[in-house]
1. What is the one condition in (1) touching a residue at least 60 places away in the same chain (Cβ under 8 Å); (2) surrounded by 18 or more Cβ atoms within 10 Å (Cβ to Cβ); (3) away from the ligand (no atom under 13 Å from the Cβ); (4) more than 19 Å from Met30 (Cβ to Cβ) that Gln217 does not satisfy?
2. Output the residues belonging to the stretch 242-287 that are in contact with a helix residue (DSSP H, G or I) (Cβ under 7 Å, 6 or more places away or on another chain) and of a type in the set (Asp, Glu).
3. Return the total of residues in the stretch 2-18 being surrounded by 14 or more Cβ atoms within 10 Å (Cβ to Cβ) and assigned to a strand (DSSP E or B).
4. Taking the stretch 42-57, which residues are open to solvent by 10 Å² or more (accessible area, probe 1.4 Å) and within 23 Å of Arg80 (Cβ to Cβ)?
5. Are there any strands (runs of 3 or more DSSP E) wholly within the stretch 221-287 with 2 or more residues that are under 26 Å from Gln205 (Cβ atoms), and if so which?
6. Out of (1) within 14 Å of the ligand (Cβ to nearest atom); (2) assigned to a helix (DSSP H, G or I), the odd one out for Val55 is which?
7. Condition test on Gly21, is it outside any helix (DSSP H, G or I) and open to solvent by 40 Å² or more (accessible area, probe 1.4 Å)?
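The values are calculated or read from the model by the stated rules, or taken from the named source; none is laboratory data. Quick caveat: nothing in here was measured; it's all calculated off a predicted structure. Cβ placement follows ideal geometry from the backbone for every residue including glycine, while neighbour counts extend to all protein chains displayed. Calculation scope for accessible area: heavy atoms of the full protein, side chains included, ligands and nucleic acids excluded. Shrake-Rupley method; radii C 1.70, N 1.55, O 1.52, S 1.80 Å.
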Amino acid sequence: MQIVCSIAAMQRLAKKWRRAGTRIGFVPTMGYLHAGHLSLVKSARKAVGNNGKVVVSIYVNPTQFAPTEDLANYPRDLQRDLKLCREAGVDAVFTPKDAEMYAGRAAANYSTYVVEENLSFPMEGITRPTHFRGVTTVVAKLFNLVLPDVSIFGQKDFQQTAVIKRMVADLNFPLKIIIAPTLRETDGLAMSSRNKYLVGDLRHQATVLWSSIQTAQAIVKKMKSVSAAKLKADLKKFIESEPDARLDYIEFFEPDTLSPVSKVSSGAQMALAVSIGKTRLIDNAQL
Ligand code: AMP
């Protein structure tokens, strides 16, 4: 497995593979890898075959964190990540440096951003108004560096998948996006690097995200169509019955357009963000 730390080396390697007609599958991550990330690696391998190359990027992208967020504390363990990637059959891990990616982020040296202006606005976009600008910018940059034929994203970040798919379509990136299902712990908690923060009783309280999705699924199955406002109010009560849980949002919406629905029925997408203590978690599923 190759470990690539510079932009020039990554572009050289990607161009060499491309010239040879080798397909490139790409999994962007922020590291601190778990089984969810590794399932994306498996999808990438399946997509490009044994003759193709699988690249994983490990980069905690500063532009998608607001100044108040957990950039400095975001969990990191590169040696462990490299071992997991090696075991998973990854061909190259790309770990660029901030200094190269954003030239220090002084506007004099770096001033170009990619902004999606519709699907980025609701849900995560309300609480984290600069988040998707950072995501689309770094993903566009990574696509230019890794030159993938196919890139895999997790359904866990549902709104992110919608924004990335739109960016790829709007800006004509010549690659295919594959969305892979959410991997969960046995009690339903969606795997996430941030779960590391859930110590003591907080870990158990965090299962309330998945329980509320299951509750909504059961209600929709039984009632066929329910008021979104009523369902939101009931689920808020249910979630906040956990002592350290604070609801940020719950939305019910059309999965393709992210347009909110006022009546929730089978096929609607549900997404929610809940802080468990200081840890903000998100989850989603189709009802
Ligand atoms: P992150 O390192 O959190 O930026 O995530 C990198 C990629 O892994 C994104 O496409 C995520 O959606 C995906 N991912 C994160 N958690 C999971 C999970 N539990 N199951 C599947 N994919 C995931």
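1. Of the numbered conditions (1) touching a residue at least 60 places away in the same chain (Cβ under 8 Å); (2) surrounded by 18 or more Cβ atoms within 10 Å (Cβ to Cβ); (3) away from the ligand (no atom under 13 Å from the Cβ); (4) more than 19 Å from Met30 (Cβ to Cβ), the odd one out for Gln217 is (2).
2. Correct list: Glu242, Asp244, Asp248, Asp283.
3. The total comes to 2.
4. As a first pass, look at the stretch 42-57 and keep what is open to solvent by 10 Å² or more (accessible area, probe 1.4 Å): 42-43, 45-51, 53.
Correct list: Lys42, Ser43, Arg45, Lys53.
5. Numbers: elements: 225-227, 245-253, 263-265, 269-276, 279-286.
In the stretch 221-287, the matching strands (runs of 3 or more DSSP E) lie at 245-253, 269-276, 279-286.
6. Of everything listed in (1) within 14 Å of the ligand (Cβ to nearest atom); (2) assigned to a helix (DSSP H, G or I), Val55 misses just condition (2).
7. Numbers: outside any helix (DSSP H, G or I): yes; open to solvent by 40 Å² or more (accessible area, probe 1.4 Å): yes.
Spelling it out, Gly21 is indeed outside any helix (DSSP H, G or I) and open to solvent by 40 Å² or more (accessible area, probe 1.4 Å).
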